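A short worksheet on the structure shown next.
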4 protein chains.
Amino acid sequence: MIKVGIVGGTGYTGVELLRILALHDEVEIAVVTSRSDVGMRVDALYPSLRGCIDVCFSLPEFDNLADCDVVFFATPNGTAMLMAEKLLARNIKVIDLSADFRLKDIAEWEQWYGMSHACPDLVKEAVYGLPEIHREAISGANLIACAGCYPTATQLGFLPLIEQGLVDVKHLIADVKSGVSGAGRKAAVSSLMSETGESFKAYAATGHRHLPEIKQGLSQLASEQVGLTFVPHLVPMIRGIHATLYATLNKGVADDLQALYEQRYANEQYVDVLPLGVHPDTRNVKGSNRCQIAIVVPQGGDTVVVLSVIDNLVKGAAGQAVQCMNLMLGFNENKGLQTMALYP
Amino acid sequence: MIKVGIVGGTGYTGVELLRILALHDEVEIAVVTSRSDVGMRVDALYPSLRGCIDVCFSLPEFDNLADCDVVFFATPNGTAMLMAEKLLARNIKVIDLSADFRLKDIAEWEQWYGMSHACPDLVKEAVYGLPEIHREAISGANLIACAGCYPTATQLGFLPLIEQGLVDVKHLIADVKSGVSGAGRKAAVSSLMSETGESFKAYAATGHRHLPEIKQGLSQLASEQVGLTFVPHLVPMIRGIHATLYATLNKGVADDLQALYEQRYANEQYVDVLPLGVHPDTRNVKGSNRCQIAIVVPQGGDTVVVLSVIDNLVKGAAGQAVQCMNLMLGFNENKGLQTMALYP
Amino acid sequence: MIKVGIVGGTGYTGVELLRILALHDEVEIAVVTSRSDVGMRVDALYPSLRGCIDVCFSLPEFDNLADCDVVFFATPNGTAMLMAEKLLARNIKVIDLSADFRLKDIAEWEQWYGMSHACPDLVKEAVYGLPEIHREAISGANLIACAGCYPTATQLGFLPLIEQGLVDVKHLIADVKSGVSGAGRKAAVSSLMSETGESFKAYAATGHRHLPEIKQGLSQLASEQVGLTFVPHLVPMIRGIHATLYATLNKGVADDLQALYEQRYANEQYVDVLPLGVHPDTRNVKGSNRCQIAIVVPQGGDTVVVLSVIDNLVKGAAGQAVQCMNLMLGFNENKGLQTMALYP
Amino acid sequence: MIKVGIVGGTGYTGVELLRILALHDEVEIAVVTSRSDVGMRVDALYPSLRGCIDVCFSLPEFDNLADCDVVFFATPNGTAMLMAEKLLARNIKVIDLSADFRLKDIAEWEQWYGMSHACPDLVKEAVYGLPEIHREAISGANLIACAGCYPTATQLGFLPLIEQGLVDVKHLIADVKSGVSGAGRKAAVSSLMSETGESFKAYAATGHRHLPEIKQGLSQLASEQVGLTFVPHLVPMIRGIHATLYATLNKGVADDLQALYEQRYANEQYVDVLPLGVHPDTRNVKGSNRCQIAIVVPQGGDTVVVLSVIDNLVKGAAGQAVQCMNLMLGFNENKGLQTMALYP
């Protein structure tokens, strides 16, 4: 049995890791840390886990994690970069669900995240945790920078078009909508049900931290710097991301885009290209690690629309992290991830 | 006191008309029709109206409406076109909240609405009920084709940019999100709370009936045929529409767009341009007749983003209809419409 | 015009007061205080109020309020008791929406609210702000302790049964459900949408602060100490309270309870007894000052069930406070309160 | 592999059976019927199941089911009673999720369900599918009448108190709240999101079909006819039931109720007695087969309050049905049921 540690076990990605790993039969959850809840039983904070986990929160210190084989960071940005080096030195694999190792350009990271990077050397080594693009590198990696939630839905949606060079990559538009769990489990007036329920709004329209991450990923695919307008929105629901992506088809493109997507993802068990005419619905991936995608060219014009949905806490965070772990450790990629969406 | 009749009083736009008109001090609600509920007290169906209306549903027949000064149609498409002519002949003003008289191109209307138009001659005479564009014509009109909900939010959002010729009108994008009350009060599995709650999806991405209506309106503003990609989405909330609009600025445009919008709408009490940096939220217009708008040019690029919100049942339907009535009858434009948004 | 001050204008009861008073034509909103937002425009915090209020937040200090005719306290418990005396001495009427003056038994207050009472002498003078029971006293009062939200729904529901001595007052049960706005606009993990949406729970089942308030009110009606089991619950919605009340009919009671309730409330414009067989629904009072009530005796047994709904922010807080103000100042009781429920 | 048939695979209990059984490794889903969708792929109707089930809907006819080992009825009331006899004669086990075989008193069944019972002889033979009470009988049964959703939450909550004779069984009160999925997947205005979202109401307060079912079960436990007031309510959420149960403790009862509940359910993996002071929350059982229970005696009085939550579609329907199947076929009781609650 692999011993797993989770640093930052009290946020939504942390508890989602616990939900998934509790059913993973190759893994033992050995350590769950929380600075504020040390000594408390994990299932006292999360009664949904009663009977499935017999661990108390411990301090997020190296000694507590030293016997783990894998450590997940489900922490706010700025924590993993302080601890990763020491863990890696001990041959412990590190899977970071935060943004600390996602951007290769340190200056850009520091600008968007508003702090100095404590561990820039490791950034080069970190593999971006999006298996559909970097499966091989993930399999051999020791440090994973898991893809963010918006970036996962957006990149999987644009990928085949950009790989094939079919669209104007200077004017991509990503109009993306997220449930409120994306804001995490921290006390904030803006995340109250009275503030977010029964209403809809855009936020950070002038620039969101996931913009450089998405641009970095798409630019790698395009082999040139892409131009992207990314507008995130808040949906009055708890889980789910829906990306509506727009691009202008290059002149003369007459490909069968439905076939293109189906072929590109034919061997991807967690990317499901829907039949022509079906619209994805976030409810159909709720609680599952799946991305469902549809492609439309309205009125046969030169604008292509891609609809891409994920559960932000699963394929957009904890599920993807476990998928990466399975690859790193040579397990079946679907271990712990077979749970189906909870409909309705 | 003006005598008002409402044909189709059992849908959401009908009951919203009743809520608004009950506080309008120049108006008496004389007739409310419902084929299926004849004889039932209106407030027995809608206990929220108890004490405010003392009328029973009657049959939607000409004789019952003959003494009215104004008749609103809050009916499914295809009903107003059967009755409007006779009412107008009697000098009764007709305000149609359905789509029967919105499209000037009869063939296009018949294609999108799937039926023959029963009254094509009146289409020419009908004035499109969007006061911020057609105030003068509305004031003198006898027949109003009220603007649809998506078209209102979208046209008000694009209007200043297009009037001033600042953007590429061949590649407009409208990513619009609506609460579920837009689907009306009819029994349909797809509108069940178990099907629409806690989830988000696009629908009709290949083409929605409001597409030709929006294109017609924007093309008039542009004095040329516009190109528009319009993708409607369903939000798990009851009321509200949020339009996220994208356009490419023409080369060399260096206008102060914030100032442009503020000036264009300076005298419009129901269009409120928010201060720079504020994002509109549908909750701030819930129950009110207001459209709130923000303009952003992310990263100073050549893509402009406009955010525009309304309550689909008020500014997107019943409120706008009453605003039109006030203009037609020479009342203050705000009569019955002073109610503020219900926050939270 | 009456000059009104609102202390604590940034919570939900504060902004609801603003929404209501903005349409009250005898009142000018002169002062709105907020310690944390001094100098900020009120409508910058609450864009729903744009155009309706032209005031900036000021400090909650006596000098700022000295020119007011009436001051509302929409503050956390423990604030009004520090300022009321000085305001009253200046002949300013005080309407407290918090709990500071609700309980006549100071010791009990101190036990439930966990602090010493700073102004016990005024407690005697304070009139309990529930017009349907204390209209006359309110009309002559200078200091009002507005009834709480749960207490309003519960007392109005039980009132006729207890006034008439028809039930066993030693074993009353109030199973009451509230929307999340009742928890106020303060940052708390337990009020996040991810924690309260799509779920239902009881809380404070061993004892809630509104228990002694309800018992005090019902005991006055009963002229004896009542026994009450009160279990509050949290509903995944923003506004609304639904009280389901159970009592055992005394032996031999054969009264027509429907008639009893209709007669008791015949002259109360804000208590609406529904026709036999109709169930109240919180949506039908959302945004309105109305309480709707139904009475059932299931299977003709000896248990009577009363269903009573209000909007917790209106009849349960700000609306009731304005109703009290209207009585105190001799205005029509319905000034500012004519807005109808927002359905759907 | 056991061959399973599901009659009525298009409702919410049907699709929930599919979600659970798809992960049950002893079972093959051989037949799913739907009169209205014959020939359509099951995963075309339910995209959440794509990749997990490779079956098309067939007609609900005996021949199609003849090769099954077990047939579940996830049908409206009145269907199972027409087909059960023939299936049982073929040695096919029948598990009915509808109410056809729940009430032992045929006359009472006919009164509450408004039809003649087509198969009264089998009612005697049917075992009530609530394993915590009837485990042994279920293990040997061929025909199961699965307990209803309200009855499951209510009976599990009251059970220890009544078994031990601690309360006045003539005046039990069950104030129970359900998510809207309990109303099923049928087009009805009353189940629209615009009608049920953001609101709360009681319904059927004068009498609900689950009343006789609960009374039958509790009367068996009490060995006398119980008196019960049962008021169901509709919560604006999709899944979950919360029962708040009230009973009067018999004079002199001084038992440790917490210990009593813990002992009674010590060996029940799907009934989880929460630690003293913890309130159950429906979110903590969403998607799981678990019932979580808390016991409170407020203010040390003579009224005991039990709080009991389930997921109405799992422990209240499909999960319980699979739990029964596991018992009938000698599988581990938890096969297919290990999925944990989806929090948040």
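Report the residue, chosen from C:39, C:300, C:207, that carries the largest GNM mean-square fluctuation when chain C is represented by alpha-carbon nodes joined by springs under 10 Å. Comparing C:39, C:300, C:207 in the GNM, the peak value goes to C:300.
Look at the alpha carbon pairs under 8 Å that are at least 6 residues apart: their mean separation over the length of the range B:2-125 gives a relative contact order of 23 percent.
Filter C:177/C:215; A:177/B:104; C:215/D:170; B:186/B:315 down to the pairs with a C-alpha to C-alpha distance above 23 Å, please. Flagged as over cut-off: A:177/B:104; C:215/D:170.
Measuring heavy-atom accessible area with a 1.4 angstrom probe and counting protein chains only, the residues of the range A:180-196 that give up at least 50 Å² relative to the chain alone are A:187, A:189, A:192, A:193, A:194, A:195. Taking θ as phi - 60° and the Karplus parameters 6.51, -1.76 and 1.60, the scalar couplings of the range C:55-71 work out to 9, 9, 5, 10, 6, x, 10, 3, 4, 5, 9, 5, 8, 6, 8, 9, 10 Hz in sequence order, x denoting glycine and proline. Each Lys or Arg adds one and each Asp or Glu takes one away; over the other residues whose Cβ falls under 12 Å from the Cβ of residue D:218, this sums to -1. For the protein assembly as shown, a simple Cβ point-charge model (Lys and Arg +1, Asp and Glu -1, everything else neutral) yields a dipole of about 0 debye relative to the Cα centre. The Cα atoms of the range D:260-335 give a gyration tensor whose axes a ≥ b ≥ c have a/c of 1.5 or more with a/b greater than b/c, which makes the shape prolate. Beta bridges from DSSP with both residues in the protein assembly as shown: antiparallel share about 45 percent, rounded to the nearest 5. Which shape class, rounded, prolate or oblate, goes with the protein assembly as shown when its Cα gyration tensor gives a ≥ b ≥ c as root eigenvalues, a/c under 1.5 marks rounded, and past that a/b bigger than b/c marks prolate? Since a/c stays below 1.5, the shape of the protein assembly as shown is classed as rounded.
Placing +1 on each Lys and Arg Cβ and -1 on each Asp and Glu Cβ, with no other charges, gives the range A:1-49 a dipole about its Cα centre of roughly 180 debye. Volume per residue for the range A:2-125 equals 101 cubic angstrom (convex hull of Cα atoms).
Enter the accessible area per residue of chain D (Å², integer; probe 1.4 Å; all protein chains in place).
Here the residues of chain D average 32 Å² of exposed surface.
In this structure the amide hydrogen of residue A:32, modeled in the peptide plane, comes within under 5 Å of the amide hydrogens of A:6, A:58, none closer than 5 places in sequence on its chain.
Sorted shortest first, the separations between the residue C:300 label point and its copies elsewhere in the assembly read 4.3, 7.2, 8.3 nm; each point sits 7 Å from Cα along the Cα-to-Cβ line. Across the range B:324-339, computed HN-Hα scalar couplings (Karplus, 6.51 cos²θ - 1.76 cosθ + 1.60, θ = phi - 60°) run 4, 4, 4, 5, 4, 9, x, 7, 4, 5, 9, 4, x, 10, 7, 4 Hz from first to last residue, x flagging Gly and Pro. Within straight-line reach of residue D:93, meaning a Cα separation under 18 Å, sit the following aspartates and glutamates at least 8 residues removed in sequence or on another chain: D:26, D:28, D:61, D:63, D:67, D:69, D:85, D:121, D:125, D:136, D:333. Sorting the segments D:210-218, C:17-25 by their residues' average number of neighbouring beta-carbon atoms within 10 angstrom, most packed first, yields D:210-218, C:17-25. Annotation: amide H of residue A:100 within the under-5 Å range of A:78, sequence separation 5 or more or interchain, hydrogens built in the peptide plane. Highest GNM mean-square fluctuation among C:105, C:272, C:256, for chain C modelled with Cα contacts below 10 Å: C:256.
Computed over the alpha-carbon atoms, the range D:150-311 gives an Rg to Rh ratio of 0.98, Rh here being the Kirkwood radius from the mean inverse distance. Only sites in a loop by DSSP and with at most 16 other Cβ atoms within 10 Å count here; which trypsin sites (Lys or Arg not before Pro) in the range B:50-97 make the cut? Those that pass, being in a loop and sparsely packed, are B:90. Between the beta carbons of residue D:115 and residue B:115, assuming R0 = 41 Å, the FRET efficiency works out to 0.55 to the nearest 0.05.
Of all DSSP-defined beta bridges confined to the range D:150-311, some 70% are antiparallel rather than parallel.
Residue D:124 to residue D:2: FRET efficiency via 1/(1 + (r/R0)^6), r the Cβ-Cβ distance, R0 22 Å, to the nearest 0.05?
E between residue D:124 and residue D:2, to the nearest 0.05, is 0.25.
The modelled label-to-label distance between residue C:253 and residue B:163, using points 7 Å beyond Cα along the C-beta direction, is 6.5 nm. For chain B, the relative contact order comes to 17 percent (Cα pairs under 8 Å, sequence separation of at least 6). Karplus-derived 3J(HN,Hα) values for the range A:205-218, using 6.51 cos²θ - 1.76 cosθ + 1.60 with θ = phi - 60°, are 5, 7, x, 10, 4, 7, 4, x, 5, 5, 4, 4, x, 5 Hz; glycine and proline are entered as x.
Considering helices alone, the calculated mean residue ellipticity of chain D at 222 nm is -8000 deg cm²/dmol, with DSSP H runs of length four and up weighted by -39500 (n - 2.57) and normalised per residue. The fraction of accessible area contributed by carbon and sulfur in chain B is 47 percent, rounded to a whole number (1.4 Å probe; ligands and nucleic acids excluded).
Residues of the range C:19-49 with the amide nitrogen closer than 19 Å to a label point 7 Å from the Cα of residue B:269, along Cα-to-Cβ, please. Backbone N within reach: C:19-29, C:48-49. Overall, the range A:2-125 carries a charge dipole of about 160 debye about its Cα centre when +1 sits on the Cβ of Lys and Arg and -1 on the Cβ of Asp and Glu, all other atoms neutral.
With a 10 Å cut-off between alpha carbons and a GNM built on chain A, which of A:252, A:184, A:11 moves the most? Highest fluctuation of the listed residues: A:252. Placing a label point 7 Å from the Cα of residue B:164 along the Cα-to-Cβ direction, the distances to the matching points in the other copies come to 4.0, 6.8, 7.6 nm, shortest first.
Looking at the range C:2-125, what % of its DSSP beta bridges pair antiparallel, to the nearest 5?
Details: 1 of 17 bridges.
Roughly 5 percent of the beta bridges in the range C:2-125 run antiparallel, per DSSP.
Measuring r between the beta carbons of residue A:187 and residue D:332 and using R0 = 35 Å, the FRET efficiency lands at 0.25. Interface size, chains B and C: roughly 3000 Å² of accessible area buried, both sides included, 1.4 Å probe, rounded to the nearest 100. For chain C, the Kirkwood hydrodynamic radius from C-alpha pairs, put into Stokes-Einstein at 25 °C and a viscosity of 0.890 mPa s, yields a diffusion coefficient of 120 µm² per second.
The values are calculated or read from the model by the stated rules, or taken from the named source; none is laboratory data. Computed from a predicted structure; not experimentally measured. Note: ideal-geometry Cβ built from the backbone for every residue, glycine included; neighbour counts use all protein chains shown. Please note that ligands, DNA and RNA were not included when accessible areas were found on the heavy atoms of the full protein model with its side chains. Shrake-Rupley method; radii C 1.70, N 1.55, O 1.52, S 1.80 Å.
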